[in-house]
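> Pasting a structure here, questions to come.
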Amino acid sequence: DGGITQSPKYLFRKEGQNVTLSCEQNLNHDAMYWYRQDPGQGLRLIYYSQIVNDFQKGDIAEGYSVSREKKESFPLTVTSAQKNPTAFYLCASSEGMNTEAFFGQGTRLTVV
Amino acid sequence: DQQVKQNSPSLSVQEGRISILNCDYTNSMFDYFLWYKKYPAEGPTFLISISSIKDKNEDGRFTVFLNKSAKHLSLHIVPSQPGDSAVYFCAASAMMTLGRLYFGRGTQLTVWP
């Protein structure tokens, strides 16, 4: 069953701790993306990767880091430098340019 | 700066009638447009797309219209069903930005019986 898996669905962390969100896809897609959704804000791009071992900052990359060591995996680390980390995080993948992106089910991160 | 705008945060339509969701964009380099549907606490699901070389694309009850001169697109749902109630996001991409998607803020559609 092909798709994108994000884990965990809910995550709680104490302020000041780094946390890594997992994203795995078995669609053989080259491109992967991380978005953040806040109420009334739509989806804002954090980082994206067009190919293994390469990634670019999106619109709100500050306080986040990513890696793309394998085609199937694109983990996102929310660092303590991110001022407002509590949000709904969405991972997506696509075959490439001008194709639809497929989304995972999201991870709700709450920092207390 | 919001390059894709959905100026109506909500829309309420009676079951069986047409729902029209609107989207405007500012970047003339956008050449591919998509609509996504999203339920709370879930990821968006792809609905329909249109390339800039077309002005209409139809898929069942869903039709997307593109007016390049006005930098405007719309999603028509006919007939609307209660299960269509969700947030709808408009998105756009351009070859020059390697296909990354720019999203609007979404429109909450409510279809009542």
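> So which of A:THR99, A:THR79 ends up being under 30 Å from B:LYS54 (Cα atoms), at pLDDT below 95 and either open to solvent by 30 Å² or more (accessible area, probe 1.4 Å) or hydrophobic (A, V, I, L, M, F, W, C) (or both)?
Only one candidate qualifies: A:THR99.
> So, one more: Return the residues of the range B:26-46 that are modelled with pLDDT of 95 or more and part of a loop (DSSP other than H, G, I, E, B); say none if nothing qualifies.
Scanning the range B:26-46 gives a single hit, B:THR26.
> Residue under question is A:VAL19, and the condition is that it be open to solvent by less than 50 Å² (accessible area, probe 1.4 Å) and farther than 22 Å from B:TYR88 by Cα; does it hold?
Yes: the conditions hold for A:VAL19.
Okay, residues lined up against (1) open to solvent by 30 Å² or more (accessible area, probe 1.4 Å); (2) under 13 Å from the mean Cα position of the chain (by Cα); (3) under 23 Å from A:THR99 (Cβ atoms); (4) more than 12 Å from chain A (Cβ to nearest Cβ):
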{"site": "B:GLN3", "(1), (2), (3), (4)": "yes, no, yes, no"}
{"site": "B:GLN6", "(1), (2), (3), (4)": "no, yes, yes, no"}
{"site": "B:VAL13", "(1), (2), (3), (4)": "no, no, no, yes"}
{"site": "B:LEU21", "(1), (2), (3), (4)": "no, yes, yes, yes"}
{"site": "B:TRP35", "(1), (2), (3), (4)": "no, yes, yes, no"}
{"site": "B:PRO40", "(1), (2), (3), (4)": "yes, no, no, no"}
{"site": "B:GLY43", "(1), (2), (3), (4)": "no, no, yes, no"}
{"site": "B:PHE46", "(1), (2), (3), (4)": "yes, yes, yes, no"}
{"site": "B:SER49", "(1), (2), (3), (4)": "no, yes, yes, no"}
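> To continue, here is another question. Residue check: is A:GLU24 among the acidic types (Asp, Glu), touching a strand residue (DSSP E or B) at 6+ places or on another chain (Cβ under 7 Å) and modelled with pLDDT of 90 or more? Let's see the steps before the verdict.
Values: among the acidic types (Asp, Glu): yes; touching a strand residue (DSSP E or B) at 6+ places or on another chain (Cβ under 7 Å): yes; modelled with pLDDT of 90 or more: yes.
Yes.
> Hey, another quick one. Considering each residue of the range A:75-112, count those that are in a loop (DSSP other than H, G, I, E, B) and within 14 Å of chain B (Cβ to nearest Cβ), and give that number.
Residues in the range A:75-112 being in a loop (DSSP other than H, G, I, E, B) and within 14 Å of chain B (Cβ to nearest Cβ): 10 in total.
> Still on this structure, I have one more. Pick out the one residue from B:SER80, B:SER69 that is more than 13 Å from the chain's Cα centre (by Cα) and either in contact (Cβ under 8 Å) with a residue 60 or more places away in the chain or under 25 Å from A:ARG36 (Cβ atoms) (or both).
Unique residue meeting the criteria: B:SER80.
> Still on this structure, I have one more. In the range A:22-68, what residues are polar (S, T, N, Q), surrounded by 19 or more Cβ atoms within 10 Å (Cβ to Cβ) and at the interface with chain B (Cβ under 10 Å from one of its Cβ atoms)?
Taking the range A:22-68 as the starting set, the residues that turn out to be polar (S, T, N, Q) are A:22, A:25-26, A:28, A:37, A:41, A:49-50, A:53, A:56, A:65, A:67.
Subset that is surrounded by 19 or more Cβ atoms within 10 Å (Cβ to Cβ): A:25, A:37, A:49.
Scanning the range A:22-68 gives a single hit, A:GLN37.
> Quick test of your reading of the structure: B:SER49 fulfils all but one of (1) small (Gly, Ala, Ser); (2) more than 15 Å from B:ILE18 (Cβ to Cβ); (3) not in a strand (DSSP E or B). Name the failing condition by number.
Unmet for B:SER49, out of (1) small (Gly, Ala, Ser); (2) more than 15 Å from B:ILE18 (Cβ to Cβ); (3) not in a strand (DSSP E or B): (3).
The values are calculated or read from the model by the stated rules, or taken from the named source; none is laboratory data. Keep in mind the model is a prediction, meaning the values are calculated, not measured. A quick note on method: Cβ atoms are made from the backbone with ideal geometry, for glycine too, and the neighbour counts reach across all protein chains shown. Accessible surface is based on the protein model in full, side chains and every heavy atom, while ligands, DNA and RNA are left aside. Shrake-Rupley method; radii C 1.70, N 1.55, O 1.52, S 1.80 Å.
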